[in-house]
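J.: Before I ask anything, here is the structure I am working with.
The values are calculated or read from the model by the stated rules, or taken from the named source; none is laboratory data. From a predicted model like this one, the values you see are computed outputs, not experimental measurements. Counting neighbours? That spans all protein chains shown, and the Cβs are built from the backbone with ideal geometry, glycine included.
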Amino acid sequence: MELPSLDELNNKIKAQQPKKITALERSDSGRAMRYGVDLLSGVAVGFVAGFYLDRWLETKPIFMLIGIILGMGAGFLNVFRANQRYIAELEADEEKVHFVKEKLDNQTKKQ
């Protein structure tokens with residue numbers, strides 16, 4: 001019995017791997033959900049940290065308000081960073097699409 005070659009095994013492995021989803025194929029609702037969770041989690045962490053600092057130091061709402069404000073800032077920063085990554089992925093996908101279209105156009109012109 002002959003063993004399969006490494007190329008055959010590699011092709012089988014690649015066929016079983018899930019396809020990478022590009023930024024163009026992702027849903028807008030998923031991205032909106034992530035942005036909402038980023039904002040909410042920042043505010044929640046700030047609130048909880050401020051609440052317990054206030055209880056520990058016996059200084060009602062000062063640290064809780066500061067925590068909420070800092071949490072909002074952290075949440076907005078997280079949303080901004082996520083959006084920048086999304087824009088970079090979109091631009092990379094557009095460059096790939098443009099490259100493939102040019103290549104196809106050149107091939108059709110040669111024929």
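J.: For region 15-35, name all the residues that are surrounded by 10 or more Cβ atoms within 10 Å (Cβ to Cβ) and at pLDDT below 80.
T.: T22, A23, L24, R26
J.: When both residues are 6+ apart or on different chains and their Cβ atoms are under 9 Å apart, which pairs have a first residue that lies in region 94-107 and is modelled with pLDDT under 75, and a second that is surrounded by 10 or more Cβ atoms within 10 Å (Cβ to Cβ) and among the β-branched types (V, I, T)?
T.: Going by the 9 Å Cβ cut-off, the qualifying pairs are K96/T22.
J.: If G73 satisfies all but one of (1) of a type outside the set (A, V, I, L, M, F, W, C); (2) modelled with pLDDT under 90; (3) under 19 Å from Y35 (Cα atoms), what's the number of the condition it fails?
T.: It is condition (2) that G73 fails.
J.: Let me ask something additional. Can you tell me how many residues in region 81-91 are of a type outside the set (K, R) and loosely packed, with under 12 Cβ neighbours inside 10 Å? If you could, list the steps in order and put the result at the bottom.
T.: Let us first name the residues in region 81-91 that are of a type outside the set (K, R), namely 82-84, 86-91.
When the remaining residues are screened for being loosely packed, with under 12 Cβ neighbours inside 10 Å, the result is 84, 87-88, 91.
Looking only at that region, the number is 4.
J.: For region 51-104, how many residues meet the condition of being touching a helix residue (DSSP H, G or I) at 6+ places or on another chain (Cβ under 8 Å) and of a type in the set (K, R)?
T.: 1
J.: For region 70-78, does any single residue satisfy the condition of being in contact (Cβ under 8 Å) with a residue 40 or more places away in the chain and either surrounded by 12 or more Cβ atoms within 10 Å (Cβ to Cβ) or not polar (S, T, N, Q) (or both)?
T.: From region 70-78, those in contact (Cβ under 8 Å) with a residue 40 or more places away in the chain are 78; that's our starting set.
Then drop every residue that is not either surrounded by 12 or more Cβ atoms within 10 Å (Cβ to Cβ) or not polar (S, T, N, Q) (or both), which leaves 78.
Yes - at least one qualifying residue is present in region 70-78.
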